Amino acid sequence: MKNSLVLASLIISLCNPAAALAEKSNLSSKNKDQEIVVFNQKSHKYHSKDCKAAKSCKNCVEISRKKAKEAGAEACKLCSGGD
Ligand SMILES: [Zn+2]
């Protein structure tokens with residue numbers, strides 16, 4: 001009985017999808033800098049294009065994430081800048 005419990009937890013840890021997910025995000029992080037984000041020129045925050053705050057933003061321009069970071073922008077706390 002105890003042995004089958006150990007086996008079950010071993011199978012669960014082998015099938016852990018978190019490791020596979022981390023590998024995937026490493027691969028796609030290379031293109032992240034090329035993505036267009038919405039940069040608030042007044043608050044120096046950048047948003048994903050779908051962010052609520054970006055849609056009502058009056059001081060925003062669309063630039064690449066790379067340029068936003070170069071301008072010293074910080075990621076929005078709501079959308080994490082689309083990351
Ligand atoms: Zn945002």
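The values are calculated or read from the model by the stated rules, or taken from the named source; none is laboratory data. It should be emphasised that the depicted structure is a prediction, and the values quoted were computed from it without experimental measurement. With ideal geometry, Cβ positions are generated from the backbone for all residues, glycine too; neighbour counts draw on all protein chains shown. Note: accessible area is taken over every heavy atom of the protein model, side chains too, but ligands, DNA and RNA are not part of it. Shrake-Rupley method; radii C 1.70, N 1.55, O 1.52, S 1.80 Å.
Filtering the stretch 55-83 to residues that are among the polar types (S, T, N, Q) and in a strand (DSSP E or B) leaves only Ser64. Within the stretch 60-83, the residues that satisfy the criterion of being open to solvent by 60 Å² or more (accessible area, probe 1.4 Å) and of a type outside the set (A, V, I, L, M, F, W, C) are Glu62, Lys66, Lys67, Lys69, Glu70, Glu74, Lys77, Asp83.
Considering each residue of the stretch 40-54, count those that are within 10 Å of the ligand (Cβ to nearest atom), assigned to a loop (DSSP other than H, G, I, E, B) and open to solvent by 60 Å² or more (accessible area, probe 1.4 Å), and give that number. Steps first, answer last, please.
Here is the first cut: in the stretch 40-54, the ones within 10 Å of the ligand (Cβ to nearest atom) are 40, 45-54.
Filter once more, keeping what is assigned to a loop (DSSP other than H, G, I, E, B): 48-51.
Remaining after also requiring open to solvent by 60 Å² or more (accessible area, probe 1.4 Å): 49-50.
So the answer is 2.
Is it the case that Cys57 is open to solvent by less than 50 Å² (accessible area, probe 1.4 Å) and modelled with pLDDT of 95 or more? Here the answer is no, as Cys57 does not meet what is asked.
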